[in-house]
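K.L.:
For reference, the structure I am asking about is given below.
None of the figures in this text is laboratory data; all of them are computed from the coordinates on show. Nothing here was measured: the structure is a model prediction, and the numbers come from that model. Cβ placement follows ideal geometry from the backbone for every residue including glycine, while neighbour counts extend to all protein chains displayed.
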Amino acid sequence: MILKKKLTLIFFLFFYFFVGSTNSINSGISFDENYEELNWNFNIKVIQEISNTRFGKKEFNRLKFDKEVKRFVGYGIGFQLISQPIQFILKDFLKNNKNLDLYGAKLLSKHFVVFLFFFISGIIFYLILRKLIDNENFCILGCALYLTYPYLFGQAMFSPKDVPFMSVWLVCTYISFNLFEKLSDNQKLSLKSIFFLSIMTSYLLSIRISGLLIFIQYSISLLIFLSVFKINFLLFLEKFFKEIILFIFFTILFLFIFYPIFWIDPSLLIETFKINISHFNNVGTNTLGETMYSKNLPVTYLPIWFLVKVPLIILIGLITIPFVENKIFINKKKSIYYGSVLLTILIIPLILILKKVHLYDEIRQVMFLLPLILIAGLVSLFIFSKYLYYLLGVLSLSLFIFENIKINPYQYVWFNIPARYVDLTKNFELEYQGISGREVANYLKTNINQETCILANPLHSVRHFLNDTNFSCFDAWQKIDTNYKRPFLAVQNVRNLKKSTPYKCFSMYEASFKLLFQKKKIITAKLLECR
């Protein structure tokens, strides 16, 4: 029976990987792929400049890099070290089979790597569930819910910052739990396990420096461990002093390896963290009908977005926690795991709110908390009522699969069912990443005079999909209110959709979708003809 369930899981994962990887390279290109590519190119220039300085007679020109350092600060090359070789292999295939130019093919090939990270995180999600609940049916269904959750699946089709960061955070969580399991069993901590946690922690920080928050989770796990086993902190510190020093040493070592800009000036580490806390861009995010700006967020910002993005089954599960916590915390090991998850999803948002950290684009910067929120809700619901868990789980899984098909490729705009009783188009930020550009480009290929100029933002969201056409004139959307030579076409998408139709411009095509149980369609882009 157990073997049969394992085979079912393997078959599901195999089929899921094929569908997800195929879908990822058929998605649109968002804002971030180009930024990530520019970040990689910048870091390569830094490495080359430092090499020339160290091994040649040339003096390092710090001023040459200062402006770009501020632009790319907070993002290392960890993800790119895996992504770039795969992109190199895939780009020619996509160029020839998807009618893309070479750069567009390179950007699109990044999607497969993003999905690969998410796929691996699904396996880790399953393994963490196994540590909490010794029931194969529970773990398989929980894993399936995680991997098909439309919001995360949609993000996994393109998001090169948020999804890899979230996935590696989950890997770090699992590795840390393994270490605490060894400590609980009085087993010796091997150098290999310390080294592995160090490199994965520094790798997390290389994707986004805000990964420093993982140390809050590590600290929570440690405090729970000490409390549960009644161990004195100073005695623990004395016993594992060598392991702690090795962990710190390896983490810092690999952090500098993954961040070439720190080779220029190690003090940039502090500046990097400060800049990422106070993001320079004061982005306004429509939240429950109010435009909330990143530099002045009300305390309600994160709670509102979590309430409308977290699946209903998880919200119900979270409500049941007070009724089952005595059953969950009866086991010492599970107390460490579940306590770490629960306190992390409570304390980190609280810190972000109190510190007034600049956030925008709904919950993408705190997406790493979603797997932990799902774990907390699923485990609690299962302990509360197995029947209710399977009933809601199978129903939710069916709806997830149906909506992934119905609203593709806009799953990342997904809202839970209770949120759909309000007018989403007026009350919330929707298609803010610009992946609708591919859909607009497909319309342009067959229906438009191809000698007309096209205005868009971002340009790369449309331009690279028109490689096999005669379109050759592209410019920024921002020029639409100038004396730009008419006639021209304009792609009105992302936050520009909030604006009224520009002067003497007429809508000739709309990209849109409708969520299940929602009457009003969500417009993701408009193609305008301006005469």
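K.L.:
Please report the Cα spread of the stretch 105-228 along all three principal axes, rounded to whole Å, starting with the longest.
P.N.:
The Cα atoms of the stretch 105-228 stretch 51, 36, 23 Å along the principal axes, largest first.
K.L.:
OK, next. Kirkwood Rh over Cα pairs of the stretch 423-463 into Stokes-Einstein at 4 °C, 1.567 mPa s: D in µm²/s?
P.N.:
Using the Kirkwood radius from Cα pairs, D works out to 110 µm²/s.
K.L.:
Using per-residue counts of other Cβ atoms within 10 Å, averaged over each peptide, order 248-258, 370-380, 194-204 from highest down.
P.N.:
Sorting 248-258, 370-380, 194-204 by mean packing, highest first, produces 370-380, 194-204, 248-258.
K.L.:
Does a label point 7 Å from the Cα of Phe229, set along Cα-to-beta-carbon, have any residues of the stretch 164-180 with amide nitrogen under 18 Å, and which are they?
P.N.:
Answer for the stretch 164-180: 174-180.
K.L.:
Can I ask one more? Taking only the Cα atoms of the stretch 174-308, how large is their convex hull per residue, in Å³?
P.N.:
Spelled out: Cα convex hull of the stretch 174-308, divided by residues, is 155 Å³.
K.L.:
Given the DSSP H assignment, sum -39500 (n - 2.57) over each helix run of at least 4 residues in the chain and divide by its residue total; what's the result at 222 nm in deg cm²/dmol, nearest 500?
P.N.:
Only helices count here, giving -20000 deg cm²/dmol.
K.L.:
Next question, about the same structure. Using Cα positions and a limit of under 12 Å, work out the aspartates and glutamates in reach of Lys520, with same-chain residues fewer than 8 apart set aside.
P.N.:
Candidates past the 8-residue exclusion: Asp423.
K.L.:
Let me ask another. Note down the Stokes-Einstein diffusion coefficient of the chain in µm²/s, whole number, using a Kirkwood radius over alpha carbon pairs, 4 °C, and 1.567 mPa s.
P.N.:
For these conditions, the coefficient is 52 µm²/s.
K.L.:
Could you compute how fast the stretch 437-530 diffuses translationally, taking Rh as the Kirkwood radius over C-alpha pairs and applying Stokes-Einstein at 37 °C with viscosity 0.692 mPa s? Give it in µm² per second.
P.N.:
For the chosen part, D equals 241 µm²/s.
K.L.:
Strictly under 4.7 angstrom between C-beta atoms: which cysteines of the chain have no such partner?
P.N.:
Cys139, Cys143, Cys172 - these cysteines have no disulfide-compatible partner (Cβ-Cβ under 4.7 Å) in the chain.
K.L.:
Whole number please: convex hull volume per residue of the Cα set in the stretch 315-449, in Å³?
P.N.:
159
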